[in-house]
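For reference, the structure is listed below as structure tokens.
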Amino acid sequence: MKRLNVLFVIPRYVSYGNSGHYVMPMGTLYVSSALKQAGIANVFTLNLNHSKGKEKEILSDCIHNNHIDVFCVGGLSGEYADIARMVRYSRQIKPTLTIVCGGGIITADPKTAMQALPEVDYGVIGEGETTIVELIDALQKNTSAAQINGLIFSSNQQFIISPRRQETGNLDEIPLPDYEGFDYGTYLCENPDMSDEGRSYTQISVIGGRSCKYHCTFCFHPSGEKYRQRSLDSIFTEIDYLLAKYNVTYIALREELFATDNRRVAEFCSRMEKYSFEWSIQLRIDSINSQLVNTLKNTHCRYVFVGVESAHNDILKSMRKGITVQQIETALNMLAEANISSRSGIIFGDKAETLQTAMCTFDWYRAHKSRNRMFVDMIIAFPGSQLYIDACNEGKIPDTVQFLKDGCPIVNVSRLSDTDFLHIVNMVEGENQRKYQVKQYRKRRKKIVLATSGQSFLREQIIKEQSFQIIGLVDFRPETNKDIKIQIINGINFYNYDNDIHFFEQWLRKLQPDLLVVYKMPFLLPESIFNLPKCGSINIHPSLLPKYRGANPWFEIFKNAEKSSGVTIHKIDKYADHGKIMAQTKFDIPNGSGMHNLSDLQAEAEKLAFPLLVSVIANINNEN
């Protein structure tokens, strides 16, 4: 019986940009190692990230020179473009190849993935170490693969999905990853990470367990639903192997539920004392306690990675996180007080997300990020997750194949309007310097002219907002460039008002805005101006109208010892602070307030006014 020649390939990743940095796909290394250990085929490996030249030419040489019979590739749903390129090239190079694909991309939504990857003959669902051995054995013996669990394949123009393979119970029985086969030493040299202090280091990931016993709506675990841990003996066997082979300066233990009990953590820390390199672990917020923190204190633990996700209890509940904001703050404080650095992520856009909950989380993030290093991101409806299933059922992902081909772009599954969703996206992009695919939510932006007096937080936020377009700004009390009447800066027409109301009208008419937004206006606008924009004009007023009209309502608010005030956005008519109320929001006034803390109250009002304004602009129509 002829032994088959099997090739495992790691694509040259372009899904993550052109920086050359990538994360080693450990699943491919595990499956390759399992087939090598089985000894039933000739196994070849190729990591295209470390091969110079054109991908297709490199693949062609490898396939033809080694007489490859079976081509294997795998990865996550977000890596579709790279995987699709590999299977397309391999089919073109040798049409008779048997092509096998595995990993999260197949496991998450098998039929969708197979439709999006028509060149693939067999898809491996779930853990692949045993499945690949049985499949190669069947292909070698020319017997049917229909009896093999954990497969999807096409027969008579229909997809056949065999029963799901039971998860591997004892992870210690799985051989160590095929590090040498995929140039792991080169990977470490060419993919250094940077510490907070700017120091370069090599990061080695050791997987300590598989899956998770929790069911967060945004998560999907390709390795199954049953959580399993490796023994510490197995983990340290791998660590010692890596130390003997590579220059190890940092090891990240990848196990979401590492601290199932404090004794396991204590033993791990004790056994790590003989090593000089730094390390990190992953912990759930609700597993962090004083005993655990004391155990980690004064070790070589560089980071503790924890999942925060949101700072609003309604959203945490919707996500099925099983934690509260109070628990998050307590855990992070415990780590900080013990001088243990934490890393955590926050994601926006859950199904229950509203503008109020998102802004609450943003405020919390800004208040805590200097002490606890945090990252922000938009939630992604990853195939296989409950979020993805719901989005498909609700028609928010109408075409699952196209969604996969598009790289799983972010989708508005929340309660946010599309405009408010874009507003949150813009805020997140401002923090993480990413650019999301959201063109389907970008409609024609309203053209806005802002009329205000001097600099303010609100003015700067309005100028930076991307859900509408600021085309002009008239300043009634300019603080800079006072002698310049008209100028254009970054595409915005600036006009330093010079008491010429007729010029103001001509200037505004020339710009043809959709809306005039007024804040801190020192006089009443004539009807010829406030009716000129297509959607009229609106004013931002620092009180809960109809109470406390006028240019400075704060004196009367303090005089009457009001316990609360607010912000009103209203249409402008010929009377002061009189037009139709579009929106209001309320905030409490601390006891003893007065002119001494006026600036704090004004700052609070402006902070609340901004998201309110974004929402009003999104929903205002042409009423003229």
Handout entry: Dimensions in Å of the stretch 140-237 - Rg and Dmax from alpha carbons
Key = 19.1, 59
Fill in the blank from the handout: One computes Rg over Rh for the stretch 192-252 from alpha-carbon atoms, with the Kirkwood Rh, and obtains 1.09
Problem - Rg to Rh quotient for the stretch 190-294, alpha carbon positions, Kirkwood Rh - result: 0.97
Practice task
Over the Cα atoms of the stretch 403-519, compute the convex hull volume and normalise it per residue, giving Å³.
Solution key: 128
Problem - Alpha carbon convex hull of the stretch 345-392, projected area averaged over orientations, nm² - result: 3.7
Practice task
Find, among the trypsin sites (Lys or Arg not before Pro) in the stretch 572-622, those assigned to loop by DSSP (not H, G, I, E, B) with at most 16 other beta-carbon atoms within 10 angstrom.
Solution key: K574, K580
Handout entry: Rel. contact order, % - alpha carbon contacts under 8 angstrom, at least six apart, the chain
Key = 8
Problem - Proximal lysine pairs, the stretch 219-360, alpha carbons under 24 Å, eight or more residues apart or interchain - result: 6
Exercise for the section: Let me have the 222 nm mean residue ellipticity of the chain computed from DSSP H runs of 4+ only, each contributing -39500 (n - 2.57), with the sum over all residues rounded to the nearest 500. Expected result: -10500 deg cm²/dmol
Practice task
Starting from the amide H of M378, placed 1.01 Å from N in the peptide plane, find each other amide H under 5 Å away whose residue is 5 or more places distant or on another chain.
Solution key: F348
Handout entry: Solvent exposure ordering (accessible area, 1.4 Å, most first) of R477, R549, R459, R445
Key = R477, R549, R445, R459
Handout entry: Residues of the stretch 262-303: accessible area per residue with a 1.4 Å probe, Å²
Key = 49
Problem - Descending semi-axes in whole angstrom, ellipsoid equivalent of the chain, from the Cα gyration tensor - result: 56, 30, 21
Problem - Debye-sum result for the stretch 498-624 in log10 I(q)/I(0), which assumes one identical scatterer on each alpha carbon, at q = 0.10, 0.11, 0.23 Å⁻¹ - result: -0.34, -0.41, -1.35
Handout entry: Gap separating the Cα centres of the stretch 410-425 and the stretch 214-290, nearest whole Å
Key = 36
Handout entry: Per residue solvent-accessible surface (Å²) - the stretch 344-479, probe of 1.4 Å
Key = 43
Completion exercise
Here P(r) for the stretch 68-142, Cα-Cα distances in 5 Å bins, as whole percents, is 3, 16, 31, 23, 19, 6, 1
Completion exercise
Reduced to Cα centres, the span from the stretch 530-601 to the stretch 145-193 in Å works out to 62
Exercise for the section: Kindly report the accessible area of the stretch 37-138 per residue (heavy atoms of protein chains, probe 1.4 Å, no ligands, DNA or RNA), in Å². Expected result: 36
Handout entry: Net charge dipole size for the chain [Lys, Arg +1 and Asp, Glu -1 on Cβ; Debye, nearest 20]
Key = 980
Handout entry: Heavy-atom accessible surface of the chain: percent carbon and sulfur, 1.4 Å
Key = 47
Handout entry: Rg(Cα)/(2.2 N^0.38 Å) for the stretch 231-353, N = residue count
Key = 1.16
Problem - Cα pair count fraction exceeding 19 Å, expressed as % - the stretch 1-66 - result: 41
Problem - For the chain, cysteines whose Cβ has no other cysteine Cβ within reach (under 4.7 Å) - result: C62, C72, C101, C189, C212, C269, C301, C360, C392, C408, C535
Fill in the blank from the handout: Non-local residues with an amide H under 5 Å from the amide H of R373, with H modelled 1.01 Å from N and Pro and chain starts lacking one, are S342
Exercise for the section: Give K439/K580; K534/K574; K54/K435 a once-over and call out the pairs whose C-alpha atoms are over 26 Å from each other. Expected result: K439/K580; K54/K435
Practice task
Over the residues of the stretch 62-197, compute the C-alpha Rg and express it relative to 2.2 N^0.38 Å.
Solution key: 1.16
Handout entry: Area accessible to solvent at T143, 1.4 Å probe radius, in Å²
Key = 80
Exercise for the section: For the stretch 21-130, just run the numbers: alpha carbon Rg, then divide by 2.2 N^0.38 Å, N being how many residues it has. Expected result: 1.02
Fill in the blank from the handout: Phi angles of the stretch 416-425, converted by Karplus (6.51 cos²θ - 1.76 cosθ + 1.60, θ = phi - 60°) into ³J(HN,Hα) in whole Hz with x for Gly and Pro, give 6, 5, 4, 5, 5, 4, 4, 4, 5, 4
Handout entry: Candidate residues M86, M1: accessible-area rank, largest first, probe 1.4 Å
Key = M1, M86
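The values are calculated or read from the model by the stated rules, or taken from the named source; none is laboratory data. Nothing here was measured: the structure is a model prediction, and the numbers come from that model. In this analysis, Cβ positions are derived from the backbone assuming ideal geometry, glycine residues included, and neighbour counts consider all displayed protein chains. All accessible areas refer to the heavy atoms of the entire protein, side chains included, with ligands and DNA or RNA removed. Shrake-Rupley method; radii C 1.70, N 1.55, O 1.52, S 1.80 Å.
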